[in-house]
Amino acid sequence: MSVNGGSVNPLSQAALSNALRRVWVDYVSWMTALIYTIMFDTHDEDAIEVRLRQNAEDYAGIFAQFYGDAVGEKLRALFVQFQEEMAFLIQEYKANDITAISDHRQALYALGKELGRVLSQLNPYWDKASLEVGLYEIINQFEDEIVHIIKQEFEQSIQAYDRLLAQAYQTADEMTYGLQRQFSS
Amino acid sequence: MSTQGPPSYYRLNQMALSNSVRTAWAEFASWTFILLYAILFGTHDPVLVEQRLHVTADTIGALFVQFFGGDAGEKLSTLLKETVSGIARMAEAYRDNNASEVLAQHEALYRQADEMAALFSQLSRYWDAGEMQAMLYEIFSDIEKLLVSIAAQDSEQVIQLYDELIGQVYKLSEELVSGLAQKLQF
């Protein structure tokens, strides 16, 4: 498996940490680019979605190294659904459809719960509740970013992006910690 | 002498340092990306994004203070802030079709890269001025190409260039971390 051009040695904590942080920072960057695309027509939406699919592949590839291809594929599919629901959420904010926003928010929380459940079954060092809270926080911060960009509340949107990035790094570090603990002995 | 490498305590310290340096430079790339959109498409208030980039410049400077003292950190932070302002002025000039100003900012940007490379090489023998200059040129070249691609709404190019930019800032970060680790003999 290659993560952004380099092989990840499962036993190298620094390489693992770098790879997981990279997939999460890529995720935040390209989801933000997707907000710009949908709201301001800055890009070809399909191109950004293709890049986000690559991000899901990179994410799944890391886990496949430790838990096998079937688990990697399951996580990839869940991560793609997560990305799709976030894209729907942006579109519904643009359309100002309150009911649809609520539906997609609920779908995102359900996916966050499912991701938390699947991950916590893989590794005893990943706490289900803690993972869920982290993923819910990512959903909340992402939604904040959308809202502040729409309302042109630029100071708040900068703060939301910073919080989103911090949460993404925290989630990546939690994953690194669990993998290192489980596989280092 | 142990043949098993440094104890895990040191490896963890180096990882924390690596994470701090990489995070700060990744932030520099992310906010620069956002700054270009803000100037070209009005997605944000560019002044606020520029201010946010100055915070990152201070963060990067502060990482150096603990190793090389306040003057070095301050100098690096100032150079990075000048770089940020130069990128912003270049993007505005590009948006306004002001070719002579784009060229002036391009030249200023590469002078700042030269100054930064010289500063790094003065701080540590580990950092070769030519190598650091080449890495900084790659970063600034990617930023300039990104500006053109974002303005042209060439999505595939933007994606490729931003990935390259992140790769370049990570490469620079690793070079910086290796030099800092040598200083501390991790």
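The numbers here are math on the coordinates, done by the rules we state, and not lab data. As the structure is a prediction and not an experimental result, all values here were calculated from the model. So basically every Cβ, Gly included, is an ideal-geometry build from the backbone, and we count neighbours across all protein chains shown.
Some points to look at:
- Using alpha-carbon coordinates, inclination of helix A:98-122 to the longest axis of chain A, degrees: 0 degrees
- Proximal charge balance of residue A:50 [Cβ under 11 Å; K/R count +1, D/E count -1]: -4
- Going from the fewest other Cβ atoms within 10 Å to the most, the residues B:89, A:22 appear in the order B:89, A:22.
- FRET efficiency, residue B:128 to residue B:184 (Cβ-Cβ, R0 22 Å, nearest 0.05): 0.65
- Checking the Cα-Cα distances for A:113/B:171; B:75/B:171; B:81/B:183; B:75/B:183 against a 24 Å cut-off, the pairs over it are A:113/B:171; B:81/B:183.
- Residue A:40 paired with residue A:100, simple spin-label distance in nm, labels 7 Å along Cα-to-beta-carbon: 2.3 nm
- Ranked B:83, A:176, B:59, criterion: other C-beta atoms within 10 Å, fewest first: B:59, A:176, B:83
- The stretch A:112-142: chymotrypsin sites (Phe, Trp or Tyr not before Pro) in DSSP coil with no more than 14 other Cβ atoms inside 10 Å: A:125
- The angle between the Cα long axis of helix B:155-184 and the main principal axis of chain B comes to about 30°, on a 0 to 90 degree scale.
- Helix-only [θ]222 nm of chain A, DSSP H runs n ≥ 4, -39500 (n - 2.57) each, per residue, nearest 500: -30000 deg cm²/dmol
- Degrees separating the helix B:46-68 axis from the principal Cα axis of chain B, which is the longest one: 20 degrees
- Cβ-defined net charge surrounding residue B:90, 9 Å radius [Lys, Arg +1; Asp, Glu -1]: -2
- Positive-pole candidate from B:66, B:150, B:97, dipole of chain B, charges at beta carbon: B:66
- Each label point was placed 7 Å from the Cα along the Cα-to-Cβ direction; for residue B:101 and residue A:110 their separation is 5.2 nm.
- Taken about its Cα centre, the protein assembly as shown carries a charge dipole of about 1280 debye when Lys and Arg each add +1 at the Cβ and Asp and Glu each add -1 at the Cβ.
- Mean sequence separation of contacting Cα pairs (under 8 Å, at least six apart), scaled by the length of the stretch A:50-185, corresponds to a relative contact order of 18 percent.
- Choice from A:123, A:96, A:55 showing the highest fluctuation, given a GNM over chain A with Cα pairs closer than 10 Å: A:96
- Mean-position separation - Cα centroids, the stretch B:21-80 and the stretch A:116-177, in angstrom: 23 Å
- Charge dipole magnitude, Cβ of K and R +1, D and E -1 - chain A, Cα centre, debye nearest 20: 680 debye
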